[in-house]
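Colleague: Got a structure here, written out as structure tokens. Questions coming.
The values are calculated or read from the model by the stated rules, or taken from the named source; none is laboratory data. Everything numeric in this text was worked out from a predicted model, so none of it was measured. Glycine also receives a Cβ, built like all others from the backbone with ideal geometry; neighbour counts cover every protein chain displayed. Accessible surface areas use protein heavy atoms only, side chains included; no ligands, DNA or RNA. Shrake-Rupley method; radii C 1.70, N 1.55, O 1.52, S 1.80 Å.
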Amino acid sequence: MTPALLASALLMFLTLSYASLCAASPFGNCRRCRGWGFAMKTDRKGRAKRGKDCRRCKATGKRIRIGRHLYNVAARLHRDGTR
């Protein structure tokens, strides 16, 4: 197998894998709070306690994946264009 063919097959495999992930699970964990929905703080004794709610995910702990967002934009554009 030539290196170019191998690279294109690998790229196609990765693309299809990410597309299937976005279709099966459109939401992933928030990168800022790591899916907790809030920041962790420590008190003066060093024990962990709950901090403020995450503003990026609005305390849900979830975010929409980039691939799913692009699919939603394309579907909305197609739907609005064919009305």
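Colleague: Could you grab the pairs with beta carbons closer than 9 Å, sequence gap of 6+ or different chains, first residue in the stretch 38-67 and without any contact (Cβ under 8 Å) to a residue 24 or more places away in the chain and small (Gly, Ala, Ser), second one open to solvent by 90 Å² or more (accessible area, probe 1.4 Å) and in a loop (DSSP other than H, G, I, E, B)?
Modeller: 39/32
Colleague: Is there any pair linking a residue in the stretch 1-24 that is under 17 Å from residue 72 (Cα atoms) to one that is of a type in the set (A, V, I, L, M) and surrounded by 10 or more Cβ atoms within 10 Å (Cβ to Cβ), with Cβ under 9 Å and at least six apart or on different chains, and which?
Modeller: Here the result reads 22/66; 22/70, each pair linking the stretch 1-24 to a residue that is of a type in the set (A, V, I, L, M) and surrounded by 10 or more Cβ atoms within 10 Å (Cβ to Cβ).
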